[in-house]
1. Return the whole-Å distance between the Cα centroid of region 621-657 and the Cα centroid of region 433-503.
2. Any idea what diffusion coefficient region 1-83 gets from Stokes-Einstein, in µm²/s, Kirkwood Rh on alpha carbon pairs, 37 °C, 0.692 mPa s?
3. Given the Cα atoms of region 294-390, and with Rh set as the inverse mean 1/r over their pairs in the Kirkwood sense, what is Rg to Rh to two decimals?
4. Highest mean first, how do 268-281, 293-306 rank when packing is the count of other Cβ atoms within 10 Å averaged over residues?
5. Using a Förster distance of 22 angstrom, determine the FRET efficiency expected from the C-beta separation of ALA26 and ASP485, and round it to 0.05.
6. What are the aspartates and glutamates whose alpha-carbon lies under 15 Å from the alpha-carbon of LYS395, with same-chain residues fewer than 8 places away excluded?
7. Peptides 585-593, 312-320: what's the order by average Cβ count within 10 Å, highest mean first?
8. With +1 on the Cβ of every Lys and Arg and -1 on the Cβ of every Asp and Glu, and nothing else charged, how large is the dipole of region 71-172 about its Cα centre, in debye rounded to the nearest 20?
Amino acid sequence: MSTPGNSIIGAPITRVDGSLKVTGGARYAVDHPLDNVAFGVPVASTVGNARIANIDTSAASRMPGVLAIIHHGNTDPLFRPAGGLMPGRAGEVRPPFEDDKVYYYGQYVAIVVANTFEQAQDAATKVKVDYEIHPSVVDIADVPPPQGPPRIHYARGNAAQAFESAPVKIDETYIIPTETHNPMEMHATTARWDGDKVILYESSQGVVNHQHIMSEMLGIPVDQVQVLSPFIGSGFGGKLFPWPHSLMAALAAKRVHRPVKFVVPRNLMFTTVGHRPLTQQRMRLGATQEGKLLSIQHDVVQPTSLVDTYVEGCTGVTTMLYSCDNVEAHQTLLPMNIGTPTPMRGPGIVPGLYPLESGMDELAIKLNLDPLELRLKNYAEQDESFNPNRPWSSKHLRECYQVGAEKFGWSKRTPRVGSMRSGDEILGMGIATATWHAGRGSATVRVRLNADGTARASCATQDIGTGTYTVFAQIVSEKTGIPIDKIEVVLGDTSLPDGPTSGGSTVTATVSPAVSQATAGAIDRVIAAAQTLPSSPFKRVSAGDAPPALKMTAGRIHAADAPPESGMPFQEVLAQKRLAALEAESRTAPDPATTHQYSAHSFGAQFIEVAWDPGIARLRVSRALTVIDAGRIINPRTGRNQILGAVVMGIGMAMFEETLYDPRNAKPLNNNFADYIVATNADIPDLDCIFVEYPDLHLNEFGARGIGEIGLAGVASAVTMAVYHATGVRVRKLPVRIEDLVAGQQLTA
Ligand code: MOS
């Protein structure tokens with residue numbers, strides 16, 4: 001119950017959808033029960049660069065249960081998204097089966113539709129594809145340098161000159177390999193046609209975007225596409241934009257006049273639904289003897305696919321994180337035979353921070369300075385990436401460093417390599433800065449107050465596992481005093497009021513104001529009704545008097561200057577008016593004036609301890625503490641879950657994750673969970689997270705910023721820093737391998 005001083009905003013409410021998830025009641029993309037369902041299984045290219053010379057479906061089409069085999073030779077035409085004024089973004093702009101070209105291994109060549117999944121899978125193995133094969137390119141060293149200017153260019157001051165004359169310098173190149181997001185729920189679509197309308201059950205981070213892209217690529221009006229994604233088994237960015245399988249499912253369902261279910265097999269999760277592209281990043285830092293940055297130069301090379309131009313914008317963070325007069329950054333793209341990359345948790349900033357934060361550590365060592373001290377010496381009081389500089393909307397990074405250092409025991413760190421021991425293990429400690437931009441978009445939310453005492457809030461936006469259902473319920477409860485368990489939240493359906501894509505850690509900041517305003521609107525309608533009740537205790541005392549100001553507290557309508565008990569429950573107002581419900585809808589958007597006045601970012605400090613046991617060549621992360629300044633935290637339970645989950649992912653990035661391509665056919669060699677290593681429970685120590693809470697009221701009325709991505713930001717550089725501290729081996733190519741550490745030890749022994 002919301003009473004002053006006991007706000008439900010900021011309370012650690014358990015996920016409102018939690019019991020549905022753990023009891024199996026939550027329906028994911030292929031869980032929706034539909035009559036007469038057929039199943040689609042893909043035939044995917046086994047080469048990376050080719051022309052399809054022939055597809056022979058004769059044997060496969062005679063197999064039991066096979067209903068259709070669709071490929072470029074027999075499909076209805078699809079369309080490319082127009083871009084420009086048309087809203088929406090596709091993961092891959094090339095429609096499936098557009099022509100006979102193969103641009104990457106795993107590209108869909110055909111889809112087999114059958115009565116059962118097993119029949120479709122069996123028949124798919126019997127489709128014979130002849131390729132005219134060309135050499136594949138999957139190594140950036142084999143791509144000729146592109147002509148023309150770099151994709152990204154940023155400059156302030158004269159970084160090259162300042163670097164030349166700087167007394168202390170770092171010039172190192174860092175490599176982050178291709179990483180592939182593999183949410184537990186694989187990408188999947190259930191497609192069903194109802195006349196001219198297609199209904200798609202998706203695993204999507206953006207149903208509204210998905211709807212628009214499907215409309216464009218299928219060539220049907222947007223109101224003839226409905227996309228539903230009530231539950232998502234996580235996405236991490238991979239499910240932001242529609243991928244070809246969704247179009248294939250729609251095509252197949254149309255062809256066989258039955259609903260079709262299609263699940264992207266785990267091996268194709270590595271090729272056809274995006275990944276974080278490899279980045280090769282040269283970082284040059286110049287500083288005074290005292291450790292003041294004089295120059296930063298950041299040069300990034302990144303592969304993209306041959307069908308799309310995807311930019312992993314790594315340099316943005318370089319331009320704003322530290323105070324420095326001379327900064328220059330470039331990023332160049334190299335197209336090659338891979339599927340199109342896509343955002344993966346913390347796109348651009350996470351990979352961009354790795355060379356910047358690692359470079360800062362290498363610089364600190366050269367300067368004989370504590371790495372935390374070096375960061376404080378170059379603290380950015382304003383966002384210097386803008387000219388003129390912009391004030392931060394709210395920044396409490398200094399406090400993050402201080403709180404974290406104290407809690408973690410940073411002052412106990414002795415800087416000499418290998419100088420900290422615990423039993424057989426050598427300990428290493430690292431620190432990194434984390435940041436993520438604080439975005440906010442527009443949203444429309446509808447809130448209904450029902451005569452049975454319940455409330456319902458709805459919006460097309462989806463909960464990707466982060467807690468959006470819970471945040472909606474908390475805000476409605478806060479405003480009305482209706483208990484959480486009497487509030488129904490309905491999300492993930494394009495037939496509901498327009499809502500944002502769950503991307504860029506922006507949903508909470510975006511929807512909170514709309515939920516708040518729509519709730520206030522619904523309360524106003526109940527109040528207006530209360531004032532006209534025949535037996536109203538709230539009527540004007542005499543004609544011409546203003547009616548008393550009313551408010552709603554703990555679910556009761558009452559005079560503002562009298563206690564809630566003096567009024568009546570809102571449901572009684574509705575009952576007396578013979579109304580089943582009253583509702584209101586609000587659309588909110590950021591104020592463009594504020595947006596351009598302030599630079600809004602979240603910040604944090606990440607502390608990592610590793611333990612290296614040279615006797616058995618074992619490296620593990622032994623402690624991790626993250627301190628985050630992300631404005632007001634609406635729900636510390638789901639918030640903490642976001643940060644800790646991201647730290648787990650960061651440990652995976654630092655120590656395990658790498659997608660490897662076979663140069664012969666462009667196949668991701670480790671396209672399965674046995675060979676693509678992610679962090680598991682045994683790799684994760686006790687993790688801790690602290691929020692320093694300063695509401696960012698320039699962003700929205702609650703002061704909440706997003707927290708989905710920032711927890712990953714500094715982990716990899718803090719781990720490699722800690723590894724250096726423990727072992728003396730500086731790893732500049734992720735992931736950290738035991739081989740590197742063993743070889744390094746032998747060299748220094
Ligand atoms: Mo995030 S990579 O915007 O899902």
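The values are calculated or read from the model by the stated rules, or taken from the named source; none is laboratory data. From a predicted model like this one, the values you see are computed outputs, not experimental measurements. Every residue, glycine among them, receives a Cβ derived from its backbone with ideal geometry; neighbour counts consider all protein chains shown. The accessibility values were calculated without ligands, DNA or RNA, using every heavy atom of the protein model including side chains. Shrake-Rupley method; radii C 1.70, N 1.55, O 1.52, S 1.80 Å.
1. Comparing the Cα centres of region 621-657 and region 433-503, I get a distance of 23 Å.
2. Working: Rh = 19.4 Å.
After rounding, the answer is 170 µm²/s.
3. Working: Rg = 15.5 Å, Rh = 14.8 Å.
My calculation puts Rg/Rh at 1.04.
4. Values: 268-281: 25.8, 293-306: 22.9.
Put in order of decreasing packing, that is 268-281, 293-306.
5. On the way: r = 17 Å, r/R0 = 0.77.
Using R0 = 22 Å, I get an efficiency of 0.80.
6. Excluding near neighbours in sequence, the set is GLU381, ASP383, GLU384, ASP629, GLU693, ASP696.
7. Numbers: 585-593: 14.9, 312-320: 23.2.
The most tightly packed comes first, giving 312-320, 585-593.
8. Numbers: 9 positive and 14 negative charges, 93 e Å.
Dipole about the Cα centre, nearest 20: 440 debye.
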